[in-house]
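One structure below.
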Amino acid sequence: SAWVGSPGGPTDDAWHELVGNTSIRVTDEELRRNGNHQRSVPLPEGGGNLVWLGVFHQIHCLKQFRHLNYLDYYHSNITHEERYHMEVHINHCIEYLRQAVMCNPDASLTTLVWTETDPRPVLDVKQFERKCVDWEYFMESITSRVVPFEEVDRLVNPRLKEG
């Protein structure tokens, strides 16, 4: 897969493309229908509220695990404080992905095989079939809602004191 392999180059490009459209715009009504009296950052340009779909949050977390796996490449000069924040972030991602997996269990079958070296059956990670949504269609369906990075960068946190 394009998302597996050494850091840098085509693998990083694939991940960047995958998480490029994480922020989208939803109406107040759509936010209300999502439940739990949720609130989100209002978008002054064009209205609506800034949100991430769960799938993008999940992919973001997977990308964080990938960066942790190649820590020397992505964070070669990490400070103690940055490492602490990364650990908090990774723990959040573990819990978030656990909930996602348990709330939406994948019932596809993973077979087991005998090998020349293991006394027990092992998972055959090379052979599996999965029924997925059409990713291209899914991405096209949200294109009109994408909030560009530049617009997100112009947002000002009203809770921070200026100065």
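Tabulated values for the structure
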quantity: Near pairs, Cβ below 8 angstrom, 6+ apart or cross-chain, from the stretch 8-22 (in a helix (DSSP H, G or I)) to any residue that is of a type in the set (A, V, I, L, M); calculated: Pro10/Ala2; Thr11/Ala2; Thr11/Val4; Ala14/Ala2; Leu18/Ile59
quantity: Subset of the stretch 80-116 (residues that are among the small types (Gly, Ala, Ser) and under 14 Å from Gln58 (Cα atoms)); calculated: Ala100
quantity: Residues that are closer than 17 Å to Leu68 by Cα, surrounded by 11 or more Cβ atoms within 10 Å (Cβ to Cβ) and more than 15 Å from the chain's Cα centre (by Cα), drawn from the stretch 1-15; calculated: Gly5, Pro7, Gly8, Thr11
quantity: Residues of the stretch 142-156 classified as assigned to a helix (DSSP H, G or I) and surrounded by 11 or more Cβ atoms within 10 Å (Cβ to Cβ), total; calculated: 5
quantity: Any hit, the stretch 95-118, residues being within 28 Å of Gly20 (Cα to Cα), among the charged types (D, E, K, R) and in contact with a strand residue (DSSP E or B) (Cβ under 9 Å, 6 or more places away or on another chain); calculated: no
quantity: From Leu50, Leu18, Leu31, Leu43, residue being aliphatic (A, V, I, L, M) and within 12 Å of the chain's Cα centre (by Cα); calculated: Leu18
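Here, each number is a calculation from the coordinates, and none is a lab measurement. Note that the structure is predicted; figures quoted are calculated from it, not measured. Cβ sites come from the backbone with ideal geometry, for glycine too, and all protein chains shown count toward neighbours.
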